[in-house]
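> Right, I'll just put the structure down here and ask away after.
The values are calculated or read from the model by the stated rules, or taken from the named source; none is laboratory data. A quick note: this is a predicted structure, and the numbers were derived from the prediction, not measured. All Cβ positions, glycine included, derive from the backbone under ideal geometry; neighbour counts span all protein chains shown.
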Amino acid sequence: MPRSDRDKKRRQPVKGRKPSQKKQLPAIELPMEDIKEAVTALKHGKTILYPTDTIYGIGCDATNYDAVEKIYELTHRSKEDGLIILVDSFNMLDQYVEEVPEMAWEVLKHNKKPLTIIYDRPKGMAENIIPSDNTIAIRVTNDPICRALIKGLRKPIVSTSASIKGEAIALGFYDIKEVLKEGADHVMDVPLLNKNPKLSSIIKLSGNGIMKILRK
């Protein structure tokens, strides 16, 4: 398919990701002061504990090597465990993956819930965020708080669960271990906009068109 045709497809409205002109989503009052403080922290290479489109997460600038190292140290994870990255648009997705499979655009076009896709050949990320198999897990988020953070930073952000590796996932703010609240450089004590907190679905898409469901 010619590149111009692919670009045209990507610019088309994506169901479940952007409100149409006919049916607007209800206005949400965002905690702008909290968001500004979190963006400032991200720009200075700091880690944040924040509400995501699924559950509470620990995040940082996904292009900052030292900040990513802080995430590993805080959560006892390593790059082989795989961190999830959030982007705010399909254009940003395209900037950080060498070649997004055509199947991905079709899946994202019809997706209605948080979906993380593992892609081959990431680019532009911090070197220590990419596992040895040269893949990256990315989710295009529709959450207003996450989108505001990414827009303010102008870069993708890490979104790993606010939990220690091997321990239970914290679904609510008060379930998060104090060691994480104290260890994160900046904490957003802000309610989840998602009223049904749970982990995202995960699929892996290979460049050869093979799709594997890793988590429903």
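> Under 8 Å between Cβ atoms, which residue pairs at least 6 apart in sequence (or on different chains) link something in the range 104-119 that is under 22 Å from residue 130 (Cα atoms) with a partner that is of a type in the set (Asp, Glu)?
Listed by first residue and then by second, the contacts come to 114/53.
One line per residue, one yes/no per condition, for (1) out of contact with any Gly (no Cβ under 8 Å at 6 or more places or on another chain); (2) modelled with pLDDT of 95 or more:
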{"site": "13", "(1), (2)": "yes, no"}
{"site": "45", "(1), (2)": "yes, yes"}
{"site": "86", "(1), (2)": "no, yes"}
{"site": "93", "(1), (2)": "yes, yes"}
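> Considering only the range 41-52, state which residues are touching a helix residue (DSSP H, G or I) at 6+ places or on another chain (Cβ under 6 Å) and assigned to a helix (DSSP H, G or I).
42 - this is the single residue of the range 41-52 that is touching a helix residue (DSSP H, G or I) at 6+ places or on another chain (Cβ under 6 Å) and assigned to a helix (DSSP H, G or I).
> Inspect the range 20-37 for any residue being on the phi > 0 side of the Ramachandran plot and either out of contact with any Cys (no Cβ under 6 Å at 6 or more places or on another chain) or modelled with pLDDT under 90 (or both) and give the result as yes or no.
no
> Related question: Show the residue pairs that are 6+ apart or on different chains and have beta-carbon atoms under 7 Å apart, the first residue being within the range 192-216 and surrounded by 10 or more Cβ atoms within 10 Å (Cβ to Cβ) and modelled with pLDDT under 90, the second being of a type in the set (Phe, Trp, Tyr) and not in a strand (DSSP E or B).
From residues that are surrounded by 10 or more Cβ atoms within 10 Å (Cβ to Cβ) and modelled with pLDDT under 90, there are no pairs.
> Going by what's in this entry, would residue 99 be described as modelled with pLDDT under 95 and part of a loop (DSSP other than H, G, I, E, B)? Can you show your working first?
Numbers: modelled with pLDDT under 95: yes; part of a loop (DSSP other than H, G, I, E, B): yes.
Taking the combined requirement at face value, the residue satisfies it.
> Shifting gears a bit: Among (1) in contact with a helix residue (DSSP H, G or I) (Cβ under 9 Å, 6 or more places away or on another chain); (2) part of a loop (DSSP other than H, G, I, E, B); (3) surrounded by fewer than 16 Cβ atoms within 10 Å (Cβ to Cβ); (4) in contact (Cβ under 8 Å) with a residue 40 or more places away in the chain, there is one condition residue 166 misses while meeting the rest; what is its number?
That leaves (1) as the condition not met.
> Identify all residues within the range 169-191 that are at pLDDT 95 or above and not in a loop (DSSP other than H, G, I, E, B); write none if there are none.
178, 179, 180, 181, 182, 183, 186, 187
> For the range 53-65: of the residues being of a type in the set (Ser, Thr, Tyr) and in contact with a helix residue (DSSP H, G or I) (Cβ under 9 Å, 6 or more places away or on another chain), which is surrounded by the most Cβ atoms within 10 Å (Cβ to Cβ)?
The qualifying residue surrounded by the most Cβ atoms within 10 Å (Cβ to Cβ) is 56.
> Taking the stated definitions as given, is residue 139 at pLDDT 95 or above and over 18 Å from residue 83 (Cα atoms)?
Spelling it out, it is not the case that residue 139 is at pLDDT 95 or above and over 18 Å from residue 83 (Cα atoms).
> Out of the residues in the range 53-69 that are assigned to a loop (DSSP other than H, G, I, E, B) and among the hydroxyl-bearing types (Ser, Thr, Tyr), state the one that is farthest from residue 185 (Cα to Cα). Before the answer, list the steps.
So in the range 53-69, the residues assigned to a loop (DSSP other than H, G, I, E, B) come out as 53-55, 60, 62-64.
With the extra rule that they be among the hydroxyl-bearing types (Ser, Thr, Tyr), the set shrinks to 54, 63.
Details: 54: 21, 63: 17 Å.
Among them, the one singled out is 54.
> I would also like to ask the following. I'd like the full set of residues that are farther than 23 Å from residue 161 by Cβ and touching a helix residue (DSSP H, G or I) at 6+ places or on another chain (Cβ under 7 Å), limited to the range 77-93.
90 - this is the single residue of the range 77-93 that is farther than 23 Å from residue 161 by Cβ and touching a helix residue (DSSP H, G or I) at 6+ places or on another chain (Cβ under 7 Å).
> Give me the pairs: first residue in the range 59-73 and without any contact (Cβ under 8 Å) to a residue 60 or more places away in the chain and farther than 16 Å from residue 139 by Cβ, second residue among the charged types (D, E, K, R) and in a helix (DSSP H, G or I), beta-carbon distance under 9 Å, and six or more apart or on different chains, which are they?
Note: pairs meeting the criteria are 72/79; 72/81.
> Could you please find all residues in the range 138-163 being outside any helix (DSSP H, G or I) and in contact with a Phe, Trp or Tyr (Cβ under 8 Å, 6 or more places away or on another chain)?
Once the filter is applied, which keeps residues that are outside any helix (DSSP H, G or I) and in contact with a Phe, Trp or Tyr (Cβ under 8 Å, 6 or more places away or on another chain), the range 138-163 yields 138, 140, 156, 161, 162.
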